[in-house]
Amino acid sequence: MAKHKILNTLSVVCFITCIALWIPNIVFQIPSGAHFNIFYIAPVGVLLAIFTKKKWLIIANIIAFFSFFWLMTLGYIIAAIIDYFF
């Protein structure tokens, strides 16, 4: 039981780390390449969540993994709307 709790905690830490890696780019508008570490951290979080069989952690870490593509797409859409209307 203790092993599952440790793996569960590590999976949550991986998810929170993935979110924290976006803070310089989104909140402070500082271009940083640190968010590329998501591609290494999120799969580890998914594997840890698979071992503990927590579906919400599996989904959260998968969302964190694909957040790069979703946020880039959203940024391009917002830039296109701003260029079109202003």
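Values in this text are rule-based calculations from the coordinates and carry no lab data. Everything numeric here is computed off the predicted structure, so don't read it as measured data. Ideal geometry is used to build each Cβ from the backbone, glycine not excepted, and the neighbour counts take in all protein chains shown.
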Exercise for the section: Per DSSP H run of at least 4 residues, take -39500 (n - 2.57); add these up for the chain, divide by its residues and hand me the 222 nm value, nearest 500 deg cm²/dmol. Expected result: -27000 deg cm²/dmol
Handout entry: Computed label-point distance, nm, for sites Lys5 and Ile77 using a 7 Å Cα→Cβ extension
Key = 4.2 nm
Problem - Relative contact order [Cα under 8 Å, 6+ residues apart], the chain, whole percent - result: 31 percent
Problem - Förster radius 25 Å - calculated FRET efficiency between Phe51 and Ile16 (Cβ-Cβ, nearest 0.05) - result: 0.85
Exercise for the section: Using a 10 Å cut-off on Cβ atoms, rank the peptides 68-81, 3-16 from the highest mean neighbour count down. Expected result: 3-16, 68-81
Handout entry: From the coordinates shown, semi-axes √(5λ) of the Cα gyration tensor in Å corresponds to which of [x] 42, 17, 9; [y] 34, 13, 9; [z] 31, 13, 9
Key = [z]
Practice task
Just report the Cα centroid separation between region 16-67 and region 71-86, whole Å.
Solution key: 24 Å
